[in-house]
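Step one of this worksheet: look at the structure below.
The values are calculated or read from the model by the stated rules, or taken from the named source; none is laboratory data. In this text, all values refer to a predicted model and were calculated from it rather than measured experimentally. Accessible surface is based on the protein model in full, side chains and every heavy atom, while ligands, DNA and RNA are left aside. Shrake-Rupley method; radii C 1.70, N 1.55, O 1.52, S 1.80 Å.
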Amino acid sequence: MTKQSLQPVERGQVADKRSVPQKAMDKLGLVRDIDLALHLPLRYEDETRLTLLRDARDGQTVQIEGVVLQNRIEMRGRRQMIVKLDDGTGEVLLRFLNFYGSQQKSWAPGVRLRVRGDLRHGFFGREMVHPTVKIVQEDTPLASSLTPIYPTSAGLPQAYLRKAVAAGLSRAPLDEVIPPQLIPGRWPSLRESLHFLHHPSPEVSVIALEDHSHPAWQRLKFEELLAQQLSQLQARMARAALKAPVLPTRDGGLHEQLLGVLPFALTGAQQRVCTEIAQDLAKPQPMHRLLQGDVGSGKTVVAAIAATVAIDAGWQCALMAPTEILAEQHFRKLVSWLEPLGVKVAWLTGSLKAKAKREQLALVASGEAQLVVGTHAVIQDQVEFAKLGLALIDEQHRFGVAQRLQLRRKLESTELEPHLLMMSATPIPRTLAMTYLADLEVSTIDELPPGRTPIVTKVFADNRRPEVIERIRDEVAKGSQVYWVCPLIDETEESDQAADEKAGRASNKRPPLDLSNVTQTHQELSEALQGFGVGLLHGRLPASEKADVMARFSSGELSVLVATTVIEVGVDVPNASLMVIEHAERFGLSQLHQLRGRVGRGAVASVCVLLYASPLSDTGKSRLKAMAETNDGFEIARRDLEIRGPGEFMGSRQSGAALLRFADLSEDQGMVARARAAAEQMLHHHPYAAERHVARWLGKKSEYLKA
């Protein structure tokens, strides 16, 4: 394995000449020597000792050594190879369902084998099924350390990977970069930690290795968190050096006019975050702020007020949402609020006809459109802004890194960078914000508008479906409206993004699952609720049909809306008081909370019914229990972090490669704070060391933290 073989393919080279293992290593990101050195084992096998068969117990994983007595091929339902091995204290059968002819020849009677596997009692005596096998001599030494088992992928055998990692570990520059006074605890050096974790001695506590509590693991977790914090702080410092348009708030301005015509008063929390945003917009550095708030807390009106500040200062504003349904909801609200004040609002989505799109693009390019609302179409190449000063991204975690970076690049001018306000209805736990959002300012709306009624959540097994349908009949007979959410349409379902955006975007299909689908449920409810309108909404419908169905439901013409998760965000029908989520165990906790937030928007008491299919996994039980116990989005977010980790909170921020591989935010909260303090010291007093540390740990991945 040469160093050159681990380098990325340069332009002009023929990629197909790489071996399958090399391609697999590229896919795992194992390109540099340091990447290999930091590719740590998932677990270990103990090949340092032998167990005699007379001492071994059934159910144990053991390594034995003996001489082959017999090797034969049998047909027992399928072709299999049976090898009988004698270690001098007993005999064991080795059973192989998949094998090569060369193996039968190599493992002939009289050959000494060292095998490792699970010992069990079979029909013909003790046996091992598919153990690992090595041909040895009587004097072949045992392994001196535990054997690492690495994370791998198809086409990348453990033996190949072990050699590559060992080679990378021997070549990687592992000198100490962090100043000693910034390292908390008496931990081994980086070099010592890595050598130990790749080849631990057999005396070490397996528990300490597996639960990552060993000092070597603690050192690596700190190093990783330090690199992540440094990268975030570097991004913040780089942003502070950029220039942005100064957007001051003036007395009697457009924002005050908007407040004067709104049919409601802002909550104290809304007023507070509006002040925080206004202070950022008035600075010559670009704002990079996350506005978070629970479902229904009133983030849209805060975004509208921020937009009026930018527009009043003579700049354009753009709002991008992940789905056309959500974008259209924003568009209708903003038009009703702002057009009476003289603000021109443009509409851009992938479903626009060519003529209409040209007209909207012209309005944007000329500057006549002061506010542009749309989906991913807002960042397409043909969109040119005359003078864009503020970008708003709703449900930011649903956009990939590439899309967020593309938006920022589109907004860049030669001299000024626009302000950026991202919004999320998935509250971020404090530890997660400290770790992944260290380069962001965070504003939190922690107060719901008055008049919102608490939602009662009930959990039923799906065998109580007939009862639920009867409850729906009672509700619609009283004039209420109902959502029924299904996870699938037909056998596979395109994402709403793919349905909305036809211009050069590949469809994203989910694999088929054995679940009731939305079309069957619509038919079932239509038959059970004759006399009441039952609508159907999913991502494959044309935009015009989706808009028509939503309009009919909003007006009350339809009593029941059977839908996929396209209604997860943005749909606001105050008369809807009952939500049924079918196969709730298949949804994430934050998604269940988002869906539940579609009801309880009026004065009527609302109910959310979670239907589940048995048997429930432990994770499924935890999710449904959390939903039944609390309506607090921040508590939901905390439990979601415990159950699933940080991945979905950040969407594709990691671009498929987790930026934290070793640290666990639910267990290492104290270490996050220590790493942040060390990062600040290192940046100010040891900037060159900080650069080296980030390059060692993150490489190009540090770009994803800036999105």
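Of note:
- 274, 486, ranked by accessible area, largest first (probe 1.4 Å): 274, 486
- 686, 214, ranked by accessible area, largest first (probe 1.4 Å): 686, 214
- Nearest-10 value in Å² for the accessible area of residue 619, using the 1.4 Å probe: 60 Å²
- Pairs from 333/546; 458/546; 458/621; 23/134; 283/387; 299/333 whose Cα-Cα separation, in the structure shown, is over 20 Å: 458/546; 23/134
- Column: log10 I(q)/I(0), Debye, Cα scatterers of segment 168-225, q = 0.20, 0.26, 0.27 Å⁻¹: -0.77, -1.16, -1.22
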